[in-house]
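Trainee: Questions regarding the structure given below will be posed in turn.
The values are calculated or read from the model by the stated rules, or taken from the named source; none is laboratory data. None of these values were measured; they are calculated from a predicted model. Using ideal geometry, Cβ is built from the backbone for each residue, glycine included, and neighbour counts are taken over all protein chains shown. Protein only, heavy atoms only, side chains kept; ligands, DNA and RNA dropped before computing areas. Shrake-Rupley method; radii C 1.70, N 1.55, O 1.52, S 1.80 Å.
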Amino acid sequence: MEAKLALEKAYDPKPVEAKWLERWGKAAAGASRPVGERSKRFALVLPPPNVTGALHLGHALNDTLQDVLVRWRRMRGEEACWVPGTDHGGIATQNVMEKQLKAEGMTRRQMGREAFLERTRGWAGDCKATILGQLRRLGCALDWEREAFTMDEPRARAVFAAFKALWEDGLIYRGERMVNWCVRCGTALSDIEVEHEPRRGCLWHIRYGTLVVATTRPETLLGDTAVAVSPEDSRYAALVGRRVPLPLTGREIPVIADAHVDASFGSGAVKVTPAHDPNDFEIWRRHPEIGAPLQVIGPDGRIAAAGGAYAGLSREKAREKIVADLEAQGLLVKTEDYQNAVGVCYRCAQVIEPLLSWQWFVRMGELAAPALEAVESGRFALHPSSWAKPYAEWLRNIRDWCVSRQIWWGHRIPVWYCAACNKITPQTDFGQLADAKVVVAQSRPASCQSCGGADFVQDPDVLDTWFSSALWPMSVFGWPQKTAELAFYYPTQVLVTGYEILYLWVARMQMMGLRFMGEAPFKDAVIHGIVRDKSGKKMSKSLGNVVDPLAMMDKYGTDALRFSLMAQAHPGRDIPFSEDSITGSRNFVNKLWNSTRFVLMNLPESVERPYVLEDLDASRLELADRWILSEQQRASQAAGEALERYDVAAAADALYGFLWDEFCDWYVELAKIRLQGADGPDKEAARTILVSVLSRTLKLLHPFMPYVTEELFAALKPYSGESAELLLRSLAPRPDTARRDPEARAAMGRLMEAVTALRSLRAQLNVPPGLRLRVVASSLEGLPQPQREYLRALARVDSLEEGPRPDKSATAVAAAASFFVPLEGVIDFAQEAARLRRELEKARLELAKIAQKVDNPGFRARAPRSEVELALSQRSAADERVERLSRTLALLS
RNA sequence: GGGCCGUUAGCUCAGCGGUAGAGCGCCUGCUUUACACGCAGGAUGCCGGGGGUUCGAAUCCCUCACGGCCCACCA
């Protein structure tokens, strides 16, 4: 038998966390093998953090949420597999690197592609190590051997396989389209990588000969190839087909009629710039006769050569100059203030320039249809379900996905161009290279099938980082190979993530999984909120309100951080984070610590037989025992049901209330009666209940606060008879509904009310806390043993007997009885009368409410019988309380 | 222009058809031999406004107001 461990008075997280971190690591506690019943697996993939820096509180929320689910399922005997990994992070990571270079006075172009990639790989490696270390520290029981990276070798195979398959199925194509171009990042973006933010601007009314057009972007005027009016607009009907002069240049452009134009907006006439506006591009497609689009803004955001006198100016400068020139020439009719939503890059917040260029696209219609079917049929469910509608709506209106990025950090597009056939030179701009002949291959093709040449150039672009992310739930298990892992773990059970990447990531995983595996990659998606600051603002570096999870862990302990996040993780809701809430959780951890400390203090140095509930003779259980077992069952069931529906906060709340309000505040206090009494079977029974209830509580709380529970579980082990090496790997007790004991609950309820009534009386009459009272009860029928003993202990009662109300006594009215406390000389009877009047007032109010309900004939006739009965009994209780209070009050005066 | 979410105690939020809850804060006591990161007691609510359904509404429906978010090519 191990020597009993002495616990410190207050929990000190640091040494405990270090200890278990090491032990879990050594034991590979999160490891999983694809063995056993497939139906009992519980697999999920960690949303891989970008290798752009360290983890923030949002990660802590996301990761803890998953860890709670994983640990809980594992303790239910499921084969839990949680796959860790990191994401190369495409533009985001490249931007971090470019900032670093800029600080060193360098650009990536100066550095060269290979050197830049080499340096980024180094950075990514460092970042990965940091992130994985932080995940460990957070307590995440991941399956570390499965760690993956979106750009490692196996994932590269998956990316190629997916690209090739989609290409062969005609779902990937190269096309010239209007794309969202980020002038700063120097790349095209997909539609959902553009964020819209309201910007204050102007609506300039400009004279085009006899017509006036209104625009928010005068700098694109140089690229106008037409003016469009509504076909219904009688004002301009005569002008359609005529030509008007383009201001500043004098170039003549046609007036056309197009249904897109809203006659009631602005002047009713729109300048058409097909090269720089998606709508105008569409107009050109409907009216090809106006001639090819004229690109006047280049990929660098400056006016191109076609812009004549304005060439070389930035978009912003060009706008200023053009407006000034128009004004000077009297062509500016008026300027209105106007607010519109401008598209900005989701990575660098620069204004997006719509640009015509050749890019790679994934045709989405065929991919989206099964995903839409999955969500509509409920085979794929979002939690909370309110996300299903916007999600389905997005799929319904899906547009082709631009997957090529003109950056360096990412999976190189596996496409090769024969230099000869396509006339490619080192100066070729692939964005302008039309109708290329290409070969899709992972490595350089040997020879060209048309010309036999061997000079191949790989497409310089890389794939959207979300392309590899979309394959994640398959690629981490070895897809496209048919591995045992893939067969066993796919599909995973659940994906936990934030709503900001619902379309970027979740929807695309669904589509790819359904396409390549024929089955959705996960059945449930838990969509949690964002961690905000105390006042509800989004945390951001620029606001300086970012809370570092590591600092919180250092200050309060990891378990406290975890619990505080979990206690607030109501499904789908944002979390306003403040240190106050973490303090509360720290206190709760300490409460658990001290309750275990108390139990251990009351156990012998060594035991021959552990305190196992099942070994205890049921006849030894007294009221408090039956009650706490029943309450634990209730709490455990509530927590289980909550976790089942991914309501982690509700689970945390149920367990918090059980431990603190029921176990500590009542059971432990009542157990003291037997613990302080003589040695014997009663004391042993109390010890058994304490040890087993506490041990089960540790199991229930373990998913939320793994470190402290693991430590306490170990300390309790000599007494609990638990054989598991690690709590993490132990099994939680099975639900035992037989422990539910409504009678014990009712009896304890009466006792608790009586205790509270007496305590309240003591407090309000300023009875010294140490003073033990003599109490006379109107009747003791409602309080058989051991309740009387409980009452004596908890309300500090010296003697308790039955009898009529003694003179000069104060009265506490409870359902079980009225308690008279003779307090001559101690109390002021006017004060007592006032107190009773307040009580009576409250009791009458309560009675009135219930009476109103019961006296309603409709209620008696239509409410369910059980409700009516309940209300009737409530009324008689309220009635009696009023009766007894008024009688006592009458005696006083 | 669509859609979603929210509006409950001073603060942050639960509850979502049967007499209003928690944590924090506040007030009063307390070295009661696990815990002051604690214990006991207490105060505090037109459950955003209006209408409807129901025997009964914080809870369901409609509507308005005010916040917040997502989607959307009105220049």
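Trainee: What length, rounded to one decimal in nm, is gained on full extension from A:A678 through to A:S264, with 0.36 nm per residue of separation minus their alpha-carbon distance?
Mentor: Result: 139.7 nm gained on full extension.
Trainee: What value, in deg cm²/dmol to 500, does the helix sum -39500 (n - 2.57) over DSSP H runs of n ≥ 4 give at 222 nm once divided by the residues of chain A?
Mentor: Taken over chain A, the calculation gives -13500 deg cm²/dmol.
Trainee: Tell me, what HN-Hα J-couplings in whole Hz come from the Karplus equation 6.51 cos²θ - 1.76 cosθ + 1.60 at θ = phi - 60° for each residue of region A:250-256, using x for Gly and Pro?
Mentor: Working through the residues one at a time gives x, 4, 8, 10, x, 9, 10 Hz.
Trainee: Give the relative contact order (percent, whole number) for region A:243-289; include only Cα pairs under 8 Å separated by 6+ residues.
Mentor: Here the relative contact order equals 20 percent.
Trainee: With all protein chains present, how much of the accessible area of region A:449-502 (probe radius 1.4 Å) comes from carbon and sulfur, to the nearest whole percent?
Mentor: For region A:449-502, the apolar C and S fraction of the accessible surface comes to 53 percent.
Trainee: Nearest-5 percent of antiparallel DSSP beta bridges in chain A?
Mentor: Of all bridge pairs located within chain A, approximately 70 percent are antiparallel.
Trainee: Can I ask one more? Over region A:559-667, with every protein chain in place, what whole percent of the accessible area is carbon and sulfur at 1.4 Å, could you tell me?
Mentor: Heavy-atom surface of region A:559-667 belonging to carbon and sulfur, 1.4 Å probe: 45 percent.
Trainee: Using the charge dipole of region A:253-331 (Lys, Arg: +1 at Cβ; Asp, Glu: -1 at Cβ; taken about the Cα centre), state which of A:V272, A:Q295, A:I256 has its Cα farthest towards the positive end.
Mentor: It is A:Q295.
Trainee: When only C-alpha pairs under 8 Å and at least 6 residues apart count, what is the relative contact order of chain A, in percent?
Mentor: Relative contact order for chain A comes out at 12 percent.
Trainee: In addition: Provide the net charge surrounding A:L372, with neighbours chosen by a C-beta distance below 10 Å and charges set as Lys +1, Arg +1, Asp -1, Glu -1.
Mentor: After counting each charged neighbour, the total is -2.
Trainee: Assigning unit charges at the beta carbon (Lys, Arg +1; Asp, Glu -1) and nothing else, what dipole magnitude in debye, to the nearest 20, does chain A show about its Cα centre?
Mentor: 420 debye
Trainee: Okay, moving on. So what is the accessible area of region A:555-687 per residue, in Å², with the probe set to 1.4 Å?
Mentor: Value for region A:555-687: 40 Å² per residue.
Trainee: So for chain A, what percent of the C-alpha to C-alpha distances run longer than 38 Å?
Mentor: Everything past 38 Å amounts to 59 percent.
Trainee: What lysines could a cross-link reach from A:K534, if we take a straight Cα to Cα line under 21 Å and drop same-chain neighbours fewer than 8 places away?
Mentor: Cross-link targets: A:K555.
Trainee: Got a sec? Charge dipole of region A:395-442, +1 on Cβ for Lys and Arg, -1 for Asp and Glu; which of A:Y417, A:V403, A:Q427 is way out at the positive end?
Mentor: The residue sitting farthest along the positive end of the dipole is A:V403.
Trainee: Using a 7 Å offset from the Cα along the Cα-to-Cβ direction at both A:A309 and A:A877, what is the distance between the two label points in nm, to one decimal?
Mentor: A separation of 9.0 nm, rounded to one decimal place.
Trainee: Could you tell me the calculated FRET efficiency between A:D126 and A:T335, based on Cβ-Cβ distance and R0 = 56 angstrom, to the nearest 0.05?
Mentor: After rounding, the FRET efficiency stands at 0.60.
Trainee: If I take every Cα pair under 8 Å that is 6 or more residues apart in region A:515-662, average their sequence separation and divide by the length, what percent do I get for the relative contact order?
Mentor: Computed value for region A:515-662: 25 percent relative contact order.
Trainee: Work through the residues other than A:V868 whose Cβ is under 14 Å from its Cβ and net out their charges, Lys, Arg +1 and Asp, Glu -1.
Mentor: My count for the surroundings of A:V868 gives +2.
Trainee: Continuing with this model, one more query. Choose one of A:H383, A:A349, A:T335: the residue whose Cα lies farthest towards the positive end of the charge dipole of region A:328-460 (beta-carbon charges +1 Lys, Arg; -1 Asp, Glu; about the Cα centre).
Mentor: My answer, from the dipole projection, is A:H383.
Trainee: What's the longest piece of chain A with no exposed GluC sites (Glu not before Pro), counting a site as exposed if DSSP puts it in a loop and it has at most 15 other beta carbons within 10 Å?
Mentor: A:233-518
Trainee: Cα centroid distance between region A:582-616 and region A:492-513, in Å?
Mentor: Measuring centre to centre over Cα atoms gives 42 Å.
Trainee: Can you compute the charge dipole magnitude of region A:60-104 about its Cα centre, using +1 on each Lys and Arg Cβ and -1 on each Asp and Glu Cβ, nothing else charged? Give it in debye, rounded to the nearest 20.
Mentor: Computed about the Cα centre, the dipole is about 160 debye.
Trainee: To continue, here is another question. At 1.4 Å probe radius, can you tell me the per residue accessible area of region A:487-554 in Å²?
Mentor: Ligands and nucleic acids excluded, the result is 37 Å² per residue.
Trainee: So, one more: What does the charge add up to near A:C418, with Lys and Arg as +1, Asp and Glu as -1, over the other residues with Cβ less than 14 Å from its Cβ?
Mentor: 0
Trainee: Moving to a separate point now. What pairs from A:K99/A:K541; A:K40/A:K389; A:K389/A:K538; A:K164/A:K423 go past 20 Å between their alpha carbons?
Mentor: The answer is A:K40/A:K389; A:K389/A:K538; A:K164/A:K423.
Trainee: Could you work out the Kirkwood radius for region A:357-440, taking every pair of different alpha carbons, averaging 1/r and inverting it, reported in Å?
Mentor: Hydrodynamic radius (Kirkwood, Cα pairs) of region A:357-440 is 15.9 Å.
Trainee: Accessible area of region A:755-798 with a 1.4 Å probe: how many percent of it is carbon plus sulfur?
Mentor: Answer for region A:755-798 is 49 percent, counting heavy atoms of protein chains only.
Trainee: With charges set only on the Cβ (+1 for Lys and Arg, -1 for Asp and Glu), what does the dipole of region A:1-155 come to about its Cα centre, in debye to the nearest 20?
Mentor: Roughly 180 debye for region A:1-155.
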